[in-house]
Amino acid sequence: MKPRVAVFDFTCCEGCELQILNCGEELSDLLSALDIVEFREAMSESADYYDIAFIDGACSRRSEISALRDIRKRAKMVIPIGACACLGGVNCLKNYYPMDEVLRSEYGKNAEYFDTISARPISAVIPVEFYIPGCPIVKKEFIRVVREILSGQIPYQFNDPVCAECKTAGNVCVFDKGITCLGPLTRGGCEATCVTGGATCWGCRGLVDKPNINAEKLILEQAGLSEDDVIKKFDLFNACQESMWRLEKSKYKLTK
Ligand code: SF4
Ligand code: SF4
Ligand code: SF4
C-alpha cells in the first residue's frame, strides 16, 4: 500500500502549498509512490488517517489548537512546511500587541465574533517529526525530503548558514555595502537566493542550530551597524523564536 499523505493549512498565505502544486514533473513522479488523501487546495476528498501530514501555516486561533491535536492523533508523522508553520513566521508580529487590540483593528465592531490568540509555530502545539523551512519552501528540498522519507531515511536538514551558499554563488557581501544581513545566523538550503537576486537575507529559514551570535556582532561592529537593526530584521520571520540574543533585547514573551 502506498504511504497516505495529507496537506493541511492554518494561518498563512498558502504559498508553501502552491510550491508543492508547482513541483511539476517531479510531483507527478512522486504521485506514483504515494497516495495524496487530503489536500484542501487541490482536491475535495478527506481522510481519517495519514502516514505523513504536512502542515502549512502557524497556529493563531483556539480552534486551530484542537484541529492540530486531531491531526496529530491521525498522523504517523507531522511535518510543518514553511516559515509560518516552522517558526510562526510573519504571523508572530501581532504578538507584540494585546489580542483584543489586534481583533479590533482587523474586524472593528465585529471583533467579538472572531477568535484570535498569540501566533505560534506548530511545534508549540503538537510534537513534530521534521521541518521543511523557508518562505516559501524550496520545491527541490520538498521533493528530496519526501523521497528520503519514502526510502526510509531520516531526511537531511541543512545546518550551514546562508553565507556558505552565498559565497559559493560568488556574491559580494552586503555588509560591504553597509547593509545588514541575517545570512550568518540563518539556516541555509535556499542557495542564498535573496542575496543572489540583489536583496539581503531576512532569516526566513530560521536560525542554524548553534548560531554564532558573537560572529554576527563582530561583523556588525566592523561594518559600523547596530544590533537593533538586525533584531528588527530578525523579527520579521522569527518573532516567536527564543533566541538568547533576542531575549536579551526584548521583553516579548509568548502568551498562552
Ligand atoms: S511561509 Fe511564506 S509562503 Fe509559506 S505560507 Fe507562510 S507566508 Fe506564505
Ligand atoms: S552576510 Fe549575507 S551577503 Fe554576506 S555572505 Fe552572508 S549571506 Fe551573503
Ligand atoms: S536568503 Fe534568507 S530570506 Fe532569502 S530565502 Fe534564503 S533564508 Fe530566506
Please work out which residue is farthest from ligand 1 (Cβ to nearest atom), limiting yourself to region 184-198 and to residues that are crowded, with 19+ Cβ neighbours inside 10 Å and not in a loop (DSSP other than H, G, I, E, B).
VAL195
Could you tell me which numbered condition SER46 fails, if it satisfies all but one of (1) free of Cβ contacts under 8 Å to residues at least 12 places away in the same chain; (2) within 16 Å of ligand 1 (Cβ to nearest atom)?
(2)
Residue pairs within 9 Å by beta carbon, gap of at least six or interchain, first lying in region 53-78 and hydroxyl-bearing (Ser, Thr, Tyr), second part of a helix (DSSP H, G or I) and surrounded by 17 or more Cβ atoms within 10 Å (Cβ to Cβ), listed first then second, are SER60/ASN91; SER60/CYS92; SER60/LYS94
Total residues in region 30-76, condition within 20 Å of ALA119 (Cα to Cα) and not charged (D, E, K, R)
12
If I ask for residues that are among the aliphatic types (A, V, I, L, M), closer than 20 Å to GLY206 by Cβ and either within 16 Å of ligand 1 (Cβ to nearest atom) or buried (at least 18 other Cβ atoms within 10 Å of the Cβ) (or both), which ones from region 147-173 would you list?
VAL162
Given the conditions (1) near ligand 2 (Cβ under 8 Å from one of its atoms); (2) over 20 Å from ILE132 (Cβ atoms); (3) in contact with a Pro (Cβ under 7 Å, 6 or more places away or on another chain), every one holds for GLY183 apart from (2)
For region 205-228, which positions are part of a helix (DSSP H, G or I) and within 16 Å of ligand 3 (Cβ to nearest atom)?
GLU216, ILE219
Among the candidates CYS181, CYS201, CYS194, CYS166, single out the residue that is farther than 30 Å from SER32 by Cα, in contact with a Leu (Cβ under 6 Å, 6 or more places away or on another chain) and within 11 Å of ligand 3 (Cβ to nearest atom).
CYS201
Note on region 1-17: residues more than 16 Å from ligand 3 (Cβ to nearest atom) and within 22 Å of the chain's Cα centre (by Cα) are VAL5, ALA6, VAL7, PHE8, ASP9, PHE10, THR11, GLU14, GLU17
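No lab work stands behind these numbers, since they all come straight from the coordinates. This structure is a prediction, so every number in the text was calculated from the model and none was measured. Counting neighbours? That spans all protein chains shown, and the Cβs are built from the backbone with ideal geometry, glycine included.
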